[in-house]
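First up is the structure itself, then whatever we jot down about it.
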Amino acid sequence: MKIALASFALLLAAAAPVAAGTLAEALARHRDADVTALRARRGEPAARCTLGAIYAKRNDLSRAALYLDGCRDADLPDEIGIEIRKTERELKKKLRELSTIELVTRPAGMTVAIDKLPGESFVAPATIWVRAGKYKLTATAGDRVLAQTLDVGERARVPAILEAPAGTKIAPRDGRVDFSQDNAAETQQAGPPPAVKHKTMLPAKYQGQVAAAVNENALEDPLAARKLVPRPTRPLWLGARLGGGMFDDAATGARAGLTVGATVRYRLASRYFLAGRLDWSRRGGESPDAVDTIGASAGAGATLLEGERLAIAFIGQLRADLRFADTRMMEPVSRAGAGAAVGIEAALPATPITIGLRFEQGFTALTPDARDRAILLELGADWR
């Protein structure tokens, strides 16, 4: 009889892995049974954050962003806290590849569901991270159901506004996702209150923090430095370039000169893009007979570094020139020319500014036995 009871207890333990085991074990396994058990405990911060980390490991980024919200400052057990905070930091990098739905309801505080995220709901206003695709949003306001369909592109920011009829009243909420309703049917457990966790007595300056008094009546400083937040990049970039550098044709001395151009990029994948350019410059080395030239370049590039403050890209292009001169220094000028160009560009994602270094080399002769080349430092502005 005792053996049978013991076997039955083991079977019950195996059927509820999260309840019998620890959150750390669920985080390590991240199985379907762990997800089901943790969703029943979403009202507990530690269980909710563990669930978010499991969704991140399963590459379900939309749900991971939902459940990991606020976990960085949550009071989590040491056995899971370090890994959950690490997972949250890694998630922020992955979210740059997604699009966002900026959800707003009128009045605010309505709960909205999305068809491609079954079982989840969002309290407006909220920002929802999703992949590109078509989404249907629904919300209930009184006896009416509000719905809206959205087409979300790659790395886009799409607003969604659901407006209830005039006079509809919605219970005010704080705008955060509330999981307490999942456990509303549970009875309150009687007993002594939990032990109070006292804050450390170590002064803030020894904790790497800066103590500051909060003055609710203080005026905002209009000259205060603010953090620049990069916008999601568009697949199509348009830009202008103003550059200066040295022009040489190997027949006379090098000459300083200017170039003015327009550029375009079209993203092919997360790192690669097509690159085009149209520019004007005065070509040739040191001579009063420098040649005005319009050049068109086409090629491709790759993003070598993509961060919040700096993005670096390498570009390679083939170049065609149209030269507006017949002779130079008593020698005939080839009206058309061909060449190549390579460059590296550094963009500041939170601004339209781009800085580039470009080298151009002619393949065909400018004049007999003289091929044009240039090295340029450029400053640009991009619509991206």
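Observations on the model:
- Relative to the current alpha-carbon distance between Leu274 and Val342, full extension at 0.36 nm per residue lengthens the span by 23.1 nm.
- Relative contact order of region 17-94, defined on C-alpha pairs under 8 angstrom at six or more residues apart (%): 27 percent
- Close amide-amide hydrogen proximity is noted between Ala40 and no other residue 5 or more places distant or on a separate chain, at a cut-off under 5 Å (H modeled in the peptide plane; Pro and chain starts excluded).
- Burial ranking of peptide ranges 32-39, 350-357 (average Cβ count within 10 Å, highest at the top): 32-39, 350-357
- Proximal charge balance of Trp280 [Cβ under 15 Å; K/R count +1, D/E count -1]: +1
Read-outs throughout are calculated quantities, based only on the coordinates presented, and are distinct from any laboratory measurement. All of these numbers come straight from a predicted model, not from anything done at the bench. As a convention, Cβ positions derive from the backbone with ideal geometry for all residues, glycine included, and neighbour counts pool all protein chains shown.
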